[in-house]
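Below is one structure, written out as structure tokens; comments come after it.
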Amino acid sequence: MNEVASIDAALVGARPQAVGALLRHFRDLETAEEAFQEACLRALQSWPSNGPPRDPAAWLIFVGKNAALDRLRRDRKQQPLPDDDVPVELSDAEAELAADLDDAHYRDDILRLLFICCHPELPATQQIALALRIVSGLSVAEIARAFLVSESAMEQRITRAKQRVAGADVPFEPPDAVERAARLSAVATAIYLLFNEGYSATGGAAHVRAPLCEEAIRLARLLLRLFPGEPEIMGLTALLLFQHSRTPARLDADGAIVVLDDQDRSLWTRDLIAEGLALLDKAMRHRRPGPFQVQAAIAALHSRAARPEDTDWKEIDALYAALERLQPSPVVTLNRAVAVSKLRGAETALAMIEPLAPQLAGYFYFFGLKGALLLQLGRADEARVAFNHAIALANTPAEAAHIRTQLDRLTKR
Amino acid sequence: MLYAILCYDSEDLVESWTKEQDAQVIAKLDVVKQKLEREGRLGPTVRLLPTTAATTVRKGKEPIVLDGPFAETKEQLLGFYIVECASLEQAIETAKDLGRASSSQGAYEIRPLRLFHAGGLAT
């Protein structure tokens, strides 16, 4: 790896902590972000010749804070000060002091930063875009590409999100346990959304956008390092790892969707599965089940099955039943119906999903599953109607193509 | 003498490497490993899963099980090499070779070791 790349990685790695600390100091996202940018510019000047500091985050916080204070002072006096009055050389003692001061707040700083970006008042797409911009440090152009919108549209979306959170009331005092739990849960949900955006991309040509998935996993691990004893965060991370482990097998060489049963399981990334299983084991010991843990446990059963026919559908059915109690939703019931169809046949599964029709009238997977179940029952005409509905609702060209192949098979019969 | 060369680095940083950067580092380290292998000096090499997968058992009358790594530090133990070295000098040289290949900050801790049991685990 060359020097620029390794400095880049150091800046990305230090970013959440540094921006989080700067946000606490300045209580304003815009100022914190500018201060961090300024510190990065100075790092790019200073690190190549002096070598990167032992603690990049502490260096960036210290330099960023001084740079921003200077700017504020300058703006107030409206007279220019010499540009180089900020000590870029940071003595070890100073760095240690700065680090000590900030370490105490480390956890809540990052959580606050994430929480502000994932503020419940923001629509999900804005949450994800803002988190990618502020926490992950992706450029507007990169985010625009990931969402397949124009750069100016993304710029606008992020500006709007910033304005909205600037008006939202987020206390800067260290949160109490209840508030911390609420923030943690909001952030976990946003990370899950970010992952899903990458995993089954909506409204774009690409069906999978792996970088979004990888960024979500990085944030989940970061959150787990901050809160190592939270079983739901273990569950979330495990869930993402299991899902992502299948990425190499989810599309064939032509970009067509390969469903779980047909995937070449030797392509699944074993390291990610091992890590997910380890996290799930840890989570179980806490005996505090939650929706992410249950979903991870379901994903783990698929990961553990060497062949599709080894899948423990009975256990999966039981876990979905648990999930229906923890987090009732028609989508959960729809997923459960897949397990039910394996255990008790397509007819029972079909009866189970029929009542969901009004709620899932706009949901691609509902019609996809309905068509497949009807097909199993030999009700070809009804299956065709369902598949046509599904195609109309497909989120990506790959989804539509996948249903079309099933339709083709129907016609050939 | 057998030495453990313990690799410490900031997990935040290493996780910020792109897949390509990670692959580059591994490829460079492999060159060093192959050299050690040819010299018949290379024992097991290990990359640890992220510290988030770690569990700590505090010894005591009532052992306490804690989530996470044993120590909270800026740099974490991310993996290790077991290498046969004629002297500390050679161990230091080996660590330097690895350091040049990995190009990140971090540190290598060199610990002479005594093998209790060579083991026969298939991997």
Item to check | Residue check for B:Leu78: within 14 Å of chain A (Cβ to nearest Cβ) and without any contact (Cβ under 8 Å) to a residue 24 or more places away in the chain | outcome: no
Checklist entry - Can you name the residue in segment B:86-109 that is of a type in the set (A, V, I, L, M) and over 10 Å from B:Ile5 (Cβ atoms) and is also nearest to the chain's Cα centre (by Cα) among such residues? => result B:Ala107
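Can you find, within segment A:264-288, the residue that is nearest to the other protein chains (Cβ to nearest Cβ) among those that are more than 25 Å from A:Pro248 (Cβ to Cβ) and buried (at least 19 other Cβ atoms within 10 Å of the Cβ)?
Step one: of segment A:264-288, the residues more than 25 Å from A:Pro248 (Cβ to Cβ) are A:282-288.
Then drop every residue that is not buried (at least 19 other Cβ atoms within 10 Å of the Cβ), which leaves A:282-283.
On the way: A:Lys282: 6, A:Ala283: 9 Å.
So the residue we want is A:Lys282.
Please determine, by comparing only the residues of segment A:306-352 that are free of Cβ contacts under 8 Å to residues at least 12 places away in the same chain and either hydrophobic (A, V, I, L, M, F, W, C) or in the same structural domain as A:Ala274 (by TED's automatic domain parsing) (or both), which one is surrounded by the most Cβ atoms within 10 Å (Cβ to Cβ). Break it down stepwise before answering.
Taking segment A:306-352 as the starting set, the residues that turn out to be free of Cβ contacts under 8 Å to residues at least 12 places away in the same chain are A:309-310, A:312, A:318, A:325, A:328-329, A:344-345, A:348, A:351.
Still in the list and also either hydrophobic (A, V, I, L, M, F, W, C) or in the same structural domain as A:Ala274 (by TED's automatic domain parsing) (or both): A:318, A:351.
Numbers: A:Ala318: 16, A:Ala351: 13.
Ranking the qualifying residues of segment A:306-352, first place goes to A:Ala318.
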Checklist entry - Considering only residues of segment A:1-48 that are of a type in the set (D, E, K, R), more than 21 Å from the chain's Cα centre (by Cα) and within 14 Å of chain B (Cβ to nearest Cβ), which is farthest from A:Pro171 (Cα to Cα)? => result A:Glu3
Next on the checklist: Let me spell it out: the conditions are (1) without any contact (Cβ under 8 Å) to a residue 60 or more places away in the chain; (2) crowded, with 20+ Cβ neighbours inside 10 Å, and A:Gln295 meets all of them except one. Which number is the exception?
Outcome noted: (1)
Checklist entry - Which condition number in (1) at pLDDT below 90; (2) in contact with a Leu (Cβ under 7 Å, 6 or more places away or on another chain); (3) surrounded by 23 or more Cβ atoms within 10 Å (Cβ to Cβ) is the one that A:Arg107 fails? => result (3)
Checklist entry - Say we look at segment A:118-152 and pick out the residues that are in a helix (DSSP H, G or I) and closer than 19 Å to A:Ala182 by Cβ; which of these is modelled with the lowest pLDDT? => result A:Ala124
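Is at least one residue of segment B:44-53 more than 14 Å from chain A (Cβ to nearest Cβ), over 30 Å from A:Pro48 (Cα atoms) and of a type outside the set (Phe, Trp, Tyr)? Step through it out loud before you land on a result.
Here is the first cut: in segment B:44-53, the ones more than 14 Å from chain A (Cβ to nearest Cβ) are B:44-45.
Restricting the remaining residues to those that are over 30 Å from A:Pro48 (Cα atoms) gives B:44-45.
Going one step further and asking which of them are of a type outside the set (Phe, Trp, Tyr), we end up with B:44-45.
Yes, that holds for at least one residue.
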Checklist outcome for this item: Among (1) under 25 Å from the mean Cα position of the chain (by Cα); (2) more than 29 Å from A:Pro248 (Cβ to Cβ), A:Ile353 falls short only on (1)
Next on the checklist: The conditions are (1) surrounded by fewer than 16 Cβ atoms within 10 Å (Cβ to Cβ); (2) more than 25 Å from the chain's Cα centre (by Cα), and A:Gly362 fails exactly one of them. Which is it?
Outcome noted: (2)
Checklist entry - Only one of (1) at the interface with chain A (Cβ under 8 Å from one of its Cβ atoms); (2) within 15 Å of the chain's Cα centre (by Cα); (3) hydrophobic (A, V, I, L, M, F, W, C) fails for B:Ile5. Which number is that? => result (1)
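Give the residue that is surrounded by the most Cβ atoms within 10 Å (Cβ to Cβ), with candidates limited to residues of segment A:153-170 that are part of a loop (DSSP other than H, G, I, E, B) and touching a helix residue (DSSP H, G or I) at 6+ places or on another chain (Cβ under 8 Å). Before you say what the answer is, go through the steps one by one.
Residues of segment A:153-170 that are part of a loop (DSSP other than H, G, I, E, B), as a first pass: A:168-170.
Filter once more, so that each one left must be touching a helix residue (DSSP H, G or I) at 6+ places or on another chain (Cβ under 8 Å): A:168, A:170.
Values: A:Ala168: 12, A:Val170: 15.
So the residue we want is A:Val170.
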Next on the checklist: I'd like the full set of residues that are within 8 Å of chain A (Cβ to nearest Cβ) and within 17 Å of the chain's Cα centre (by Cα), limited to segment B:54-75.
Outcome noted: B:Lys74
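Would you kindly identify the helices (runs of 4 or more DSSP H) lying entirely within segment B:1-116 that contain at least 2 residues that are surrounded by fewer than 17 Cβ atoms within 10 Å (Cβ to Cβ)? Don't jump to the end; show me each part of the working.
Numbers: elements: B:11-16, B:19-38, B:88-102.
Hits in segment B:1-116: B:19-38, B:88-102.
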Next on the checklist: Among the residues of segment A:319-363, what is the count of those that are within 15 Å of A:Ala386 (Cα to Cα) and aromatic (Phe, Trp, Tyr)?
Outcome noted: 1
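Going by the conditions given, is A:Arg112 of a type in the set (Lys, Arg), at pLDDT below 85 and assigned to a helix (DSSP H, G or I)? Before the answer, list the steps.
On the way: of a type in the set (Lys, Arg): yes; at pLDDT below 85: no; assigned to a helix (DSSP H, G or I): yes.
Answer is no for this residue.
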Checklist outcome for this item: Reported set for segment A:246-275 where residues are touching a Phe, Trp or Tyr at 6+ places or on another chain (Cβ under 8 Å) and over 17 Å from A:Gly198 (Cβ atoms) is A:Ile273
Item to check | Matching residues in segment B:8-33 - criterion: being at the interface with chain A (Cβ under 7 Å from one of its Cβ atoms), without any contact (Cβ under 8 Å) to a residue 12 or more places away in the chain and more than 18 Å from B:Gly68 (Cβ to Cβ) | outcome: B:Ser16, B:Trp17, B:Gln21, B:Gln24
Item to check | Unique match (being modelled with pLDDT under 90 and among the aromatic types (Phe, Trp, Tyr)) among A:Phe227, A:Phe195, A:Phe172, A:Phe242 | outcome: A:Phe172
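The values are calculated or read from the model by the stated rules, or taken from the named source; none is laboratory data. All values reported here derive from a predicted model rather than from experimental measurement. Note that we place each Cβ from the backbone using ideal geometry, even for glycine, and neighbour counts take in every protein chain shown.
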